[in-house]
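To start, the structure under review is shown below, and the notes come after it.
The values are calculated or read from the model by the stated rules, or taken from the named source; none is laboratory data. None of the values given here were measured: they were computed from a predicted structure. We place every Cβ from the backbone using ideal geometry, glycine too, and count neighbours over all the protein chains shown. Surface areas here come from the heavy atoms of the whole protein model, side chains and all, with no ligands, DNA or RNA. Shrake-Rupley method; radii C 1.70, N 1.55, O 1.52, S 1.80 Å.
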Amino acid sequence: MATSWSLAPLFEQRAREHPDRPLAVVGDRTYSYGHVHAQAAALAAALSELGLGSDDRIAVNLPNGVEWIVALVAAAKLGAVIVPISPQLSSLDLRYQLRHAEASAVITIERWAGVDFLQRFEDLLGDLPDLQYVVTVGDEDLWYDDRIFQFEDLVSSGTGRPVPPLADSDDGKDLAVVYTSGTMGKPKGVRLSHRAVVENAMRTAEVLELSPEDRVLAAVPFFAIFGLSMMVGTMAAGATLVLQPTFDAAAALALMEHQQVSVLHGVPTQFHLFMREEGFDPSRLRALRTGIIAGSSVSEELVRRVRRWCDVLVAYGLTETGPTVTLTRAGDSDDRRIGSVGRALPGVEIMAMDIMTGALHGPEAVGEIAVRGANLMRGYLRMPTETAKVHTPDGFFLTGDLGIIDEDGYVKILGRRQETISRGGTQLYPRELEDRLRAHPAVDDVCVIGIPHDVLGEQICACIVPVEGAVITGSEIKRFAQETMAVYKVPDLVRFYDVFPVTGSGKIRRRELARAVSLTIAHDHTVSHSG
């Protein structure tokens, strides 16, 4: 095991040990560890010349690509802090996150998904007093602003120049400020140290038995902690990242076949989309051996289906926990591999907190999952009150997830504490109802939400994405529920969708669904009264 968990020396060591080994494959181009290290050193030198250094925050607004990796390693070499930004953010959200992070520089794609980011950042520069420089990835000719540089030009100008030595390579310093997806409120900037990210990524890679021969599909966006951790873990193992700039199921399947991908990480939505692809043929993915499915609730049925063609492990974690808390293992029993999110990584402690008393207790009791270990965040950026609110006096982080830990340390997640539905005075866990409803052969995906109701407090609404081509009605779903669960758990309402609204990291936007359903109910009510 490494004695220091700092990213820059770790990457430098990998590049020195095997400079010619492929680190990243993008399209028809392959980039070696040595090449990426040289580029990162040159970028770090150029950014240092611009006055950027230790503790400065550098935002990265890029799709998955080799420039993302170069930017991360360059920032680590400077002792700077990376701030991953989703290119899918609205202009308003982008301004909020950059201002909140007090980013000194941003490395951005020039154009992406129909957005002209050059124009967007030119408009934002006047509103963001801390933002000194914009570094662009693309082919535009830049001449009009002395604060805007091209990525390639900076790398060229820094080539051969020395990188200032780090005054302090303490692995407890911030490596990244990662913003939460905001599914349960405003996004918060989570401060993660080098050790939190690097040790967690390496311990996760060890459970996966990741080796230099592995080729890992990077379909999860690097701006999400899942993607960032996956990138760091792959680099630490000396393996190869196969990059897809933006996720597309059909193209990803072709990529996996062509590049002989052996490890596949993704969120449940992505695995659903793979199996819904016309012509999905697992026999063409012969090299595929394992991977991680995580990022949102994973049904037992989905794990069963995926494990027929990829022997995935199920992980549980949050941005605040760096991210992995628990992971199933290849040697676990089938029941535990399908019905739990595994047990804690080495060095991570988990307990359950009694909702009523606040007491921390161990096995066989439902409570809020509490976590302690080196993987924990250093706090929410500039939010000491919020930070204190989610920590116990003895240093456990309260996840907001309700779960049960068995006597051997295996965890089953029941749902978010804030997502419980209170119907007629009874507390219900959406995840339990979702798992039951997914057993219906016509249900591809389901999200259960609470809708305000005058009498019951909340009604249960089952939002369903049917299997392609299936013919199914709300009445049939309710009948199925009546046969498989207690009467007070049967959905009051059923709504059908082609797809669910999701965040950039693939989590279902429950609040958005709840608002949409509430609006349709209000509209139907108005129409019935006016009619």
In the stretch 227-277, the residues that are modelled with pLDDT of 95 or more, among the hydroxyl-bearing types (Ser, Thr, Tyr) and in a helix (DSSP H, G or I): Ser229, Thr234
Can you find even one residue in the stretch 502-510 that is modelled with pLDDT under 80, among the hydroxyl-bearing types (Ser, Thr, Tyr), within 29 Å of Phe247 (Cα to Cα) and surrounded by 12 or more Cβ atoms within 10 Å (Cβ to Cβ)? yes
So which residues in the stretch 111-141 are open to solvent by less than 40 Å² (accessible area, probe 1.4 Å) and touching a helix residue (DSSP H, G or I) at 6+ places or on another chain (Cβ under 7 Å)? Leu124, Leu128, Leu131, Val134, Val135, Thr136, Val137
How many residues does the stretch 289-317 hold that are open to solvent by 20 Å² or more (accessible area, probe 1.4 Å), at pLDDT 95 or above and part of a loop (DSSP other than H, G, I, E, B)? 4
Residue tally, condition part of a loop (DSSP other than H, G, I, E, B) and over 13 Å from Tyr316 (Cβ atoms), over the stretch 333-344: 1
Test: residue in the stretch 403-420 that is at pLDDT below 90, farther than 21 Å from Glu301 by Cβ and not charged (D, E, K, R): yes
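Under the condition of being free of Cβ contacts under 8 Å to residues at least 60 places away in the same chain and assigned to a helix (DSSP H, G or I), which residue from the stretch 431-464 is surrounded by the fewest Cβ atoms within 10 Å (Cβ to Cβ)?
Within the stretch 431-464, the match that is surrounded by the fewest Cβ atoms within 10 Å (Cβ to Cβ) is Glu432.
Among the residues of the stretch 142-151, write down those that are surrounded by fewer than 16 Cβ atoms within 10 Å (Cβ to Cβ) and in contact with a strand residue (DSSP E or B) (Cβ under 9 Å, 6 or more places away or on another chain). Can you show your working first?
Filtering the stretch 142-151 down to residues surrounded by fewer than 16 Cβ atoms within 10 Å (Cβ to Cβ) leaves 142-147.
Matches in the stretch 142-151: Leu142, Asp145, Arg147.
Of all residues being touching a Phe, Trp or Tyr at 6+ places or on another chain (Cβ under 6 Å) and within 23 Å of Lys77 (Cα to Cα) in the stretch 185-195, which is most open to solvent (accessible area, probe 1.4 Å)? Just the residue, please.
Ranking the qualifying residues of the stretch 185-195, first place goes to Arg195.
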Just to verify a result, which residue in the stretch 373-402, among those that are under 20 Å from the mean Cα position of the chain (by Cα) and of a type in the set (S, T, N, Q), is modelled with the lowest pLDDT? Thr399
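Which residue out of Ala59, Ala24, Ala71 is out of contact with any Cys (no Cβ under 9 Å at 6 or more places or on another chain) and either farther than 24 Å from Ser181 by Cβ or surrounded by fewer than 22 Cβ atoms within 10 Å (Cβ to Cβ) (or both)? Full working, then the answer.
Working: Ala59 fails: either farther than 24 Å from Ser181 by Cβ or surrounded by fewer than 22 Cβ atoms within 10 Å (Cβ to Cβ) (or both); Ala71 fails: either farther than 24 Å from Ser181 by Cβ or surrounded by fewer than 22 Cβ atoms within 10 Å (Cβ to Cβ) (or both).
Among Ala59, Ala24, Ala71, only Ala24 is out of contact with any Cys (no Cβ under 9 Å at 6 or more places or on another chain) and either farther than 24 Å from Ser181 by Cβ or surrounded by fewer than 22 Cβ atoms within 10 Å (Cβ to Cβ) (or both).
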Give the residue, chosen from Arg479, Arg515, that is at pLDDT 90 or above, open to solvent by 30 Å² or more (accessible area, probe 1.4 Å), outside any strand (DSSP E or B) and not β-branched (Val, Ile, Thr). Arg479
Can you name every residue in the stretch 421-430 that is open to solvent by 50 Å² or more (accessible area, probe 1.4 Å) and closer than 22 Å to Pro268 by Cα? Tyr429
Yes or no: the stretch 352-372 includes at least one residue that is of a type in the set (S, T, N, Q) and under 19 Å from the mean Cα position of the chain (by Cα). no
I'd like to check something: does the stretch 27-49 contain any residue that is over 26 Å from the mean Cα position of the chain (by Cα), without any contact (Cβ under 8 Å) to a residue 12 or more places away in the chain and either buried (at least 21 other Cβ atoms within 10 Å of the Cβ) or in a loop (DSSP other than H, G, I, E, B) (or both)? yes
Checking the structure you have, find out if any residue of the stretch 182-203 is among the acidic types (Asp, Glu) and at pLDDT below 95. no
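When you check Glu349 against the structure, is it over 26 Å from Ser6 (Cβ atoms) and either crowded, with 18+ Cβ neighbours inside 10 Å or of a type in the set (Asp, Glu) (or both), yes or no? I'd like the intermediate steps shown before the answer.
On the way: over 26 Å from Ser6 (Cβ atoms): no; either crowded, with 18+ Cβ neighbours inside 10 Å or of a type in the set (Asp, Glu) (or both): yes.
So Glu349 fails the test.
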Flagged in the stretch 373-397 as touching a Ser or Thr at 6+ places or on another chain (Cβ under 7 Å) and open to solvent by less than 50 Å² (accessible area, probe 1.4 Å), in numbering order, are Asn375, Leu376, Gly379, Tyr380, Phe397
Would you point out the residue of the stretch 363-372, among those that are open to solvent by 30 Å² or more (accessible area, probe 1.4 Å) and under 22 Å from Glu320 (Cβ atoms), that is modelled with the lowest pLDDT? Val366
At pLDDT 90 or above, open to solvent by 30 Å² or more (accessible area, probe 1.4 Å), among the small types (Gly, Ala, Ser) and assigned to a loop (DSSP other than H, G, I, E, B) - does that describe any residue in the stretch 153-164? yes
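Can you tell me which of Val220, Val198, Val178 is part of a strand (DSSP E or B), among the β-branched types (Val, Ile, Thr) and open to solvent by less than 20 Å² (accessible area, probe 1.4 Å)?
Val178
Mind counting the residues in the stretch 75-110 that are within 22 Å of Gln39 (Cβ to Cβ) and either polar (S, T, N, Q) or surrounded by fewer than 20 Cβ atoms within 10 Å (Cβ to Cβ) (or both)?
3
Surrounded by fewer than 18 Cβ atoms within 10 Å (Cβ to Cβ), in contact (Cβ under 8 Å) with a residue 24 or more places away in the chain and of a type in the set (D, E, K, R): is that true of Arg336 in this structure? Steps first, please.
Numbers: surrounded by fewer than 18 Cβ atoms within 10 Å (Cβ to Cβ): no; in contact (Cβ under 8 Å) with a residue 24 or more places away in the chain: yes; of a type in the set (D, E, K, R): yes.
No; evaluated as a whole, the condition is false for this residue.
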Applying the selection to the stretch 249-261, what residues are open to solvent by less than 10 Å² (accessible area, probe 1.4 Å) and in contact (Cβ under 8 Å) with a residue 40 or more places away in the chain? Val261
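So which of Thr204, Thr246 ends up being closer than 28 Å to Val81 by Cβ, surrounded by fewer than 22 Cβ atoms within 10 Å (Cβ to Cβ), touching a residue at least 24 places away in the same chain (Cβ under 8 Å) and within 15 Å of the chain's Cα centre (by Cα)?
On the way: Thr204 fails: surrounded by fewer than 22 Cβ atoms within 10 Å (Cβ to Cβ).
Selected residue: Thr246, the only one of Thr204, Thr246 that is closer than 28 Å to Val81 by Cβ, surrounded by fewer than 22 Cβ atoms within 10 Å (Cβ to Cβ), touching a residue at least 24 places away in the same chain (Cβ under 8 Å) and within 15 Å of the chain's Cα centre (by Cα).
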